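For reference, the structure discussed in these notes is given below.
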Amino acid sequence: MNIILLGPPGAGKGTQANLLVEHHGMRQLSTGDMLRAAVKAETPVGLEAKAVMERGELVSDEIVSALIDAELAAMGDGVGAIFDGYPRTEAQARSLDEILAKHDRKLDHVIELVVDEEALVDRVTGRFTCAKCGEGYHDRHKLPSSTGVCDKCGSTEFKRRPDDNEQTVRTRMQEYRAKTAPILPFYEERGIVQRVDGMASIDAVTTAIEKVLASA
Ligand code: AMP
């Protein structure tokens, strides 16, 4: 099964993708994670992408589609893919069709997480993760139960994304509205778009996504 999780920054795509990985052994393909790894490793792609990401704008279609193509090439045939943060433009959606065909895969579902934008600014600007295991936390909604210690792995190191500040979040949302939301009709024509209430609890969103996956 191959699915796209679509939604603005902070909609919960990464959280839900992680849960699908845990429950179904699928693989999360997050272009944001791949780009952050490239920035950290100072690869040519990372050096090109860094400033663009800090501004909250989109990295070139060619770069992200090449990253996805390479990941799919390295993946086992039987492993399902969750596209998280890709495609983000119509050109990327068209590239994804070609890439999937090349790897003998087809798209089963596009799941749009529907969210309230003002609530997203609050979500995104407060979030941080454990630097060791990646567990997600939030300044206002989910602090570790023992101050400064990760509930899951006990690490005392945490990190925040440099682009999770209000100004950049607003640019990222604008990019979503202008370039990403318009790709929905492209998939709607095929009858594969399902909408899920992304403002519900994490568990409720997971249940709704599971229902979509169980449908034909
Ligand atoms: P994300 O982790 O998905 O929020 O992505 C973080 C940043 O990486 C975005 O604000 C963009 O600058 C860049 N990025 C991630 N995925 C894409 C994509 N599919 N197309 C263009 N830029 C991307």
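Miscellaneous remarks
- Positions within the range 89-145 being of a type outside the set (A, V, I, L, M, F, W, C), crowded, with 19+ Cβ neighbours inside 10 Å and over 17 Å from the mean Cα position of the chain (by Cα), in sequence order: S95
Residues checked against (1) touching a residue at least 60 places away in the same chain (Cβ under 8 Å); (2) outside any helix (DSSP H, G or I); (3) under 23 Å from G198 (Cβ atoms):
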| site | (1), (2), (3) |
| --- | --- |
| T15 | yes, no, yes |
| L29 | no, yes, yes |
| V39 | no, no, no |
| M53 | yes, no, yes |
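- Test result for L107, within 14 Å of the ligand (Cβ to nearest atom) and in contact with a strand residue (DSSP E or B) (Cβ under 7 Å, 6 or more places away or on another chain): no
- Considering residues of the range 33-51 that are open to solvent by less than 30 Å² (accessible area, probe 1.4 Å) and within 9 Å of the ligand (Cβ to nearest atom) only, the residue nearest to T129 (Cα to Cα): L35
- Among the residues of the range 52-65, just one is surrounded by fewer than 17 Cβ atoms within 10 Å (Cβ to Cβ) and hydrophobic (A, V, I, L, M, F, W, C), namely V52.
- Restricting V169, V212 to residues that are under 21 Å from V59 (Cβ atoms) and either at pLDDT 95 or above or open to solvent by less than 30 Å² (accessible area, probe 1.4 Å) (or both) narrows the list to V169.
- Condition check for D203: touching a residue at least 60 places away in the same chain (Cβ under 8 Å) and open to solvent by 70 Å² or more (accessible area, probe 1.4 Å): no
- For G14, the conditions (1) within 11 Å of the ligand (Cβ to nearest atom); (2) open to solvent by 20 Å² or more (accessible area, probe 1.4 Å); (3) over 12 Å from the mean Cα position of the chain (by Cα) all hold with the exception of (3).
The values are calculated or read from the model by the stated rules, or taken from the named source; none is laboratory data. What you are looking at is a predicted structure, and each value in this text was computed from that prediction instead of being measured. All Cβ positions, even for glycine, are placed from backbone atoms using ideal geometry, and neighbour counts span all protein chains on display. Protein only, heavy atoms only, side chains kept; ligands, DNA and RNA dropped before computing areas. Shrake-Rupley method; radii C 1.70, N 1.55, O 1.52, S 1.80 Å.
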